[in-house]
Amino acid sequence: MKSKISHLNSEGKAVMVDVSEKMDSPRTALAAGEVVFPPETWDYLQKGNWISSKGSILEIAKIAGIQGAKITAQLIPLCHSLPIHWVDIQMKLVQNTIQIEAQVKTVGKTGVEMEALTAVSTAALTIYDMCKALSHAIQIKEIRLVSKTGGKADLIL
């Protein structure tokens, strides 16, 4: 565990981390999360091929996740604005659960962990929004960083 929070100065005030002296390097991050459905809601959506009156639930969630990654710095106050070079959102349907993974790539001075986590969160929230008329018992769970590469150290959790 690190001994210092990077977004606080010596007086405990919020600061944006200065990355101006860092070298650009390839950065990737993979995040994951799940959306869990009550069985009757799952069955209803499966029978309808995940199509709602608003369109394809899974495709719209994928696009929302990509958009979320691209606007992360607008949502997270001390997050750096980064050029996003690639975002991939994958979804698997497994036993009343949509498993979401988001991979993000850039070349920059700081990592894309927040962008990957935001992509998963935005995709999950979009699924919830599109399905909540059927049930408010839908749960968003286990949003987490899975791995990151680039910077001081690679990390696989």
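Quick notes on this structure:
- Among the residues of the stretch 134-157, those that are modelled with pLDDT of 95 or more and among the aliphatic types (A, V, I, L, M) comprise LEU134, ALA137, ILE138, ILE140, ILE143, LEU145, VAL146.
- Taken as a whole, the stretch 68-82 holds at least one residue that is touching a Cys at 6+ places or on another chain (Cβ under 8 Å), among the hydroxyl-bearing types (Ser, Thr, Tyr), surrounded by 19 or more Cβ atoms within 10 Å (Cβ to Cβ) and touching a residue at least 12 places away in the same chain (Cβ under 8 Å).
- Residues that are surrounded by fewer than 18 Cβ atoms within 10 Å (Cβ to Cβ) and closer than 20 Å to PHE37 by Cα, drawn from the stretch 97-114: THR97, GLN99
- Residue within the stretch 128-141 that is under 14 Å from the mean Cα position of the chain (by Cα), surrounded by fewer than 18 Cβ atoms within 10 Å (Cβ to Cβ) and of a type in the set (D, E, K, R) present: yes
- Taking each residue of the stretch 135-154 that is outside any loop (DSSP other than H, G, I, E, B) and of a type outside the set (Phe, Trp, Tyr) and looking for partners that are buried (at least 17 other Cβ atoms within 10 Å of the Cβ) and at pLDDT below 95 with beta-carbon atoms closer than 7 Å, six or more apart or interchain, yields LYS148/GLY111.
- Beta carbons closer than 8 Å, at least 6 apart along the sequence or on distinct chains, pair a first residue in the stretch 49-62 that is of a type in the set (A, V, I, L, M, F, W, C) with a second that is modelled with pLDDT of 95 or more and in a loop (DSSP other than H, G, I, E, B) for ILE57/TRP50; LEU58/TRP50.
- Of the strands (runs of 3 or more DSSP E) entirely within the stretch 1-112, those holding at least 1 residues that are hydroxyl-bearing (Ser, Thr, Tyr) occupy 25-36, 97-108.
- Among residues of the stretch 13-33, those that are polar (S, T, N, Q) and either more than 22 Å from GLN74 (Cβ to Cβ) or in contact with a Cys (Cβ under 7 Å, 6 or more places away or on another chain) (or both), counted: 1
- Scan of the stretch 7-59 for residues that are closer than 21 Å to SER121 by Cβ, at pLDDT below 95 and not small (Gly, Ala, Ser), ordered by number: HIS7, LYS54
The values are calculated or read from the model by the stated rules, or taken from the named source; none is laboratory data. Model, not experiment: these values are computed from the prediction. All Cβ positions, even for glycine, are placed from backbone atoms using ideal geometry, and neighbour counts span all protein chains on display.
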